[in-house]
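Chemist: What follows is a structure written as structure tokens; I'll ask about it next.
The values are calculated or read from the model by the stated rules, or taken from the named source; none is laboratory data. Everything numeric in this text was worked out from a predicted model, so none of it was measured. Every residue, glycine among them, receives a Cβ derived from its backbone with ideal geometry; neighbour counts consider all protein chains shown. Keep in mind that these areas ignore ligands, DNA and RNA; they rest on the heavy atoms of the full protein, side chains included. Shrake-Rupley method; radii C 1.70, N 1.55, O 1.52, S 1.80 Å.
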Amino acid sequence: MDKNLIQRTLSGIIYIAIIILCTTPFGSQLINNIFPDSVKQQYLFYGLITFLLTVGTWECIKIMKFGNGYEKWVVFPIVALLFYMFSKRFFNHDFYFNFRFAEILSLSLILIAAITLFKFTSELYFDSGKLIFTVIYVALPFCFALGLPKYSSYDQTFSLEVIFLFILIWSSDTFAYITGKLFGKHKMAPKISPKKTWEGYFGGVVLTLIFSYFIEQYQPQLRGNWMVVGFLVACFAPIGDLVESQLKRTFGVKDSGNIIPGHGGVLDRLDSFLICAPVVYLYFIIEKFI
């Protein structure tokens, strides 16, 4: 068997296992069976997001090839300050999904950053533009991801919105790849991602909707309607992949990193999550007022 395939398979299994342990009650149950009452599930989730944010920010700095100006050195302090503000809300159970103008504005900045990457690339050749893009593209999505699960400080229950979001993203990527491989003829974005096809895209949408139907039927405790969430994920997950591909192409980089052997870096593996997490968060806000 190909050594690279073995490495890719093993690292993929470890990656998925870490995601499951940190986004479901299994993580705290496993640890507390060994060290009773030593950890709460929300701490594992928070630790995961903190780690992914830190590594993702570093990878983005490397990809964009900052100069030696002050901008390179203030990225992490700004990201840390922003994450601290959302962390307070996370631990104080302050994600109520009420309409907040600052949140809506922040979510719209992610769209503006993506448009800038595709249409106004020259703005990202300056360190000031790189600084703003890194904060918006990497930090904001992970900050909003803190608001996706709900948990009770009374009985320590931790909901499963995040793990099912990951599952839908994985299913969208897998189904799009399979249908694209079997039936793909019309290129979606040949200059950015030559292997993506419209047939694969729509195949991913249809099959992810089928999967989300079962989530909606058997996980009624989840926030929102997961047929809607599945549709949003299937539509926006490929866009997240295209955004990261365009970022690497713009700066002549093959992979964002090598922290996951055979798979690349955090940004390579979570490119879809970076777009889907804020989109789903926005849906939860809108859904509350419908």
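Chemist: Just checking, how many residues over the stretch 91-117 are of a type in the set (Phe, Trp, Tyr) and either assigned to a helix (DSSP H, G or I) or open to solvent by 70 Å² or more (accessible area, probe 1.4 Å) (or both)? Explain how you work it out, then say what you get.
Modeler: At the first step, the residues of the stretch 91-117 found to be of a type in the set (Phe, Trp, Tyr) are 91, 95-97, 99, 101.
Checking the rest, the ones that are also either assigned to a helix (DSSP H, G or I) or open to solvent by 70 Å² or more (accessible area, probe 1.4 Å) (or both) come to 91, 96, 99, 101.
The total comes to 4.
Chemist: I've got another one for you. Only one residue in VAL74, VAL55, VAL79 is farther than 22 Å from VAL280 by Cα and touching a helix residue (DSSP H, G or I) at 6+ places or on another chain (Cβ under 6 Å), so which one is that?
Modeler: VAL55
Chemist: Return the residues of the stretch 69-84 that are open to solvent by less than 30 Å² (accessible area, probe 1.4 Å) and among the hydrophobic types (A, V, I, L, M, F, W, C); say none if nothing qualifies.
Modeler: Within the stretch 69-84, VAL75, VAL79, PHE83 qualify.
Chemist: Let me ask another. Can you find a residue in the stretch 209-222 that is open to solvent by 10 Å² or more (accessible area, probe 1.4 Å), among the charged types (D, E, K, R) and within 14 Å of ALA176 (Cα to Cα)?
Modeler: Checked against the condition, which is being open to solvent by 10 Å² or more (accessible area, probe 1.4 Å), among the charged types (D, E, K, R) and within 14 Å of ALA176 (Cα to Cα), the stretch 209-222 yields no hits at all.
Table: residues versus (1) open to solvent by 20 Å² or more (accessible area, probe 1.4 Å); (2) under 21 Å from the mean Cα position of the chain (by Cα); (3) within 22 Å of LEU146 (Cβ to Cβ).
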residue: THR23; (1), (2), (3): no, yes, yes
residue: GLY27; (1), (2), (3): no, yes, yes
residue: LEU30; (1), (2), (3): yes, no, no
residue: PRO36; (1), (2), (3): yes, no, no
residue: ILE49; (1), (2), (3): no, yes, yes
residue: THR54; (1), (2), (3): yes, yes, yes
residue: ILE63; (1), (2), (3): no, yes, no
residue: GLY67; (1), (2), (3): yes, no, no
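Chemist: Now for a different question. It is to be established whether one or more residues within the stretch 73-88 are under 21 Å from ILE163 (Cβ atoms) and not acidic (Asp, Glu). Break it down stepwise before answering.
Modeler: Pass one, the stretch 73-88, residues under 21 Å from ILE163 (Cβ atoms): 86-87.
Going one step further and asking which of them are not acidic (Asp, Glu), we end up with 86-87.
So far as the stretch 73-88 goes, yes, one or more of its residues are under 21 Å from ILE163 (Cβ atoms) and not acidic (Asp, Glu).
Chemist: To continue, here is another question. Restricting to helices (runs of 4 or more DSSP H) lying wholly in the stretch 1-90: which have 1 or more residues that are without any contact (Cβ under 8 Å) to a residue 24 or more places away in the chain, closer than 30 Å to SER128 by Cβ and not acidic (Asp, Glu)? Walk me through it before giving the result.
Modeler: Values: elements: 3-23, 26-34, 41-64.
The helices (runs of 4 or more DSSP H) meeting that bar are 41-64.
Chemist: Which residues, counting only those in the stretch 118-142, are over 25 Å from PHE51 (Cβ atoms) and either without any contact (Cβ under 8 Å) to a residue 40 or more places away in the chain or open to solvent by less than 20 Å² (accessible area, probe 1.4 Å) (or both)?
Modeler: Kept after step one, since they are over 25 Å from PHE51 (Cβ atoms), are these residues of the stretch 118-142: 118-129.
Passing the criteria: LYS119, PHE120, SER122, GLU123, LEU124, TYR125, PHE126, GLY129.
Chemist: Looking at GLY180, is it over 20 Å from the mean Cα position of the chain (by Cα), free of Cβ contacts under 8 Å to residues at least 60 places away in the same chain, closer than 21 Å to ILE275 by Cβ and part of a helix (DSSP H, G or I)?
Modeler: Yes; evaluated as a whole, the condition is true for this residue.
Chemist: Right, something else. Mind checking which pairs have a first residue in the stretch 144-168 that is modelled with pLDDT under 80 and a second that is open to solvent by 50 Å² or more (accessible area, probe 1.4 Å) and not in a helix (DSSP H, G or I), Cβ under 7 Å, 6 or more apart or different chains?
Modeler: TYR151/THR157; SER153/HIS93; GLN156/LYS40
Chemist: Please verify whether GLU59 is under 19 Å from VAL138 (Cα atoms), acidic (Asp, Glu) and open to solvent by 10 Å² or more (accessible area, probe 1.4 Å), treating the condition exactly as stated.
Modeler: Criteria not met by GLU59.
Chemist: For the stretch 227-248, give me each residue that is more than 12 Å from ALA114 (Cα to Cα), of a type in the set (Gly, Ala, Ser) and out of contact with any Cys (no Cβ under 7 Å at 6 or more places or on another chain).
Modeler: Scanning the stretch 227-248 gives GLY230, ALA234.
Chemist: Considering each of VAL253, VAL243 in turn, give the residue that is at pLDDT 90 or above, of a type outside the set (Lys, Arg) and under 26 Å from TRP198 (Cα atoms).
Modeler: None of the other options fit; the residue is VAL243.
Chemist: Across the stretch 94-145, what is the total count of residues that are among the acidic types (Asp, Glu) and under 20 Å from GLY252 (Cα atoms)?
Modeler: Looking only at that region, the number is 2.
Chemist: Sticking with this structure for a sec: Could you list, in sequence order, the residues of the stretch 173-198 that are more than 26 Å from GLY252 (Cα to Cα) and open to solvent by 50 Å² or more (accessible area, probe 1.4 Å)?
Modeler: Selection gives THR174, PHE175, ILE178, LYS181, LEU182, PHE183, LYS185.
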